[in-house]
Amino acid sequence: MTRLFAYLLAGLLSVSLPAASAENGQPADPRTSLGLNPAERAQFLSEMRQMLGSIQGILQGISSEDREMIAKYASLSGNRMARATPDSVRNRLPQAFKDIGGPTHMLFEELVIRAETDDMDMLLGQTATLMNQCMNCHTQFRAD
Ligand code: HEC
């Protein structure tokens, strides 16, 4: 009788423990890991901060109607940044990631050219469109 009780108790615990940890723990992260090592991750995140810096500079340029400033900051995250990705990292990145990342750098390049002639409200719209790429990728991937 006591042994049966012990079995029951053990059974209850083994069921209730995972349930409890799911309640208290973090919700699972559904994003796909890029499989980067710590050094690659640090480099990757630094490029991301550069892209945020480009967006900031572009918006500042638009608000002060400074075409050179827009072009300068856009070019920092264009093809130059795309080319800087080491082959060892590039070869491992999932195709779905590259399908968003490549066009993102191209959109920065397009902004460099458009900054010469487009109206400021068009440049603002282009920047908002570009930022859909940031949003789209961030929902899908994580850098570890
Ligand atoms: C092709 C995918 C992709 C695109 C496009 C992308 N990002 Fe990221 N970004 C990531 C990933 C992955 C992370 C890491 C998220 C994590 O691990 O939680 C990240 C992280 C960041 C971070 C955090 C950096 C840090 O130091 O922690 C910033 C800021 C950022 N991105 C800005 C941007 C901006 C701005 C854009 C658009 C102009 C952009 N990203 C476009 C994939 C992308």
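The values are calculated or read from the model by the stated rules, or taken from the named source; none is laboratory data. These numbers were taken from a predicted model, which means no experiment stands behind them. Cβ: placed from backbone, ideal geometry, glycine included. Neighbour counts: every protein chain shown.
At-a-glance table
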quantity: Any hit, the range 75-86, residues being at pLDDT 95 or above and either on the phi > 0 side of the Ramachandran plot or not hydroxyl-bearing (Ser, Thr, Tyr) (or both); calculated: yes
quantity: Residue in the range 113-126 that is within 29 Å of residue 144 (Cβ to Cβ) and either over 16 Å from the mean Cα position of the chain (by Cα) or within 9 Å of the ligand (Cβ to nearest atom) (or both) present; calculated: no
quantity: Where residue 63 falls short, out of the listed (1) touching a helix residue (DSSP H, G or I) at 6+ places or on another chain (Cβ under 6 Å); (2) modelled with pLDDT of 95 or more; calculated: (1)
quantity: Single match in 72, 98 (criterion: surrounded by fewer than 17 Cβ atoms within 10 Å (Cβ to Cβ) and within 13 Å of the ligand (Cβ to nearest atom)); calculated: 98
quantity: Filter result (of a type outside the set (Val, Ile, Thr) and either touching a residue at least 40 places away in the same chain (Cβ under 8 Å) or touching an Asp or Glu at 6+ places or on another chain (Cβ under 6 Å) (or both)) within the range 69-80; calculated: 71, 74, 78, 79
quantity: Members of the range 26-60 found to be among the β-branched types (Val, Ile, Thr) and in a helix (DSSP H, G or I), listed by number; calculated: 55, 58
quantity: The range 15-43, subset polar (S, T, N, Q) and more than 12 Å from residue 143 (Cα to Cα), residue modelled with the lowest pLDDT; calculated: 21
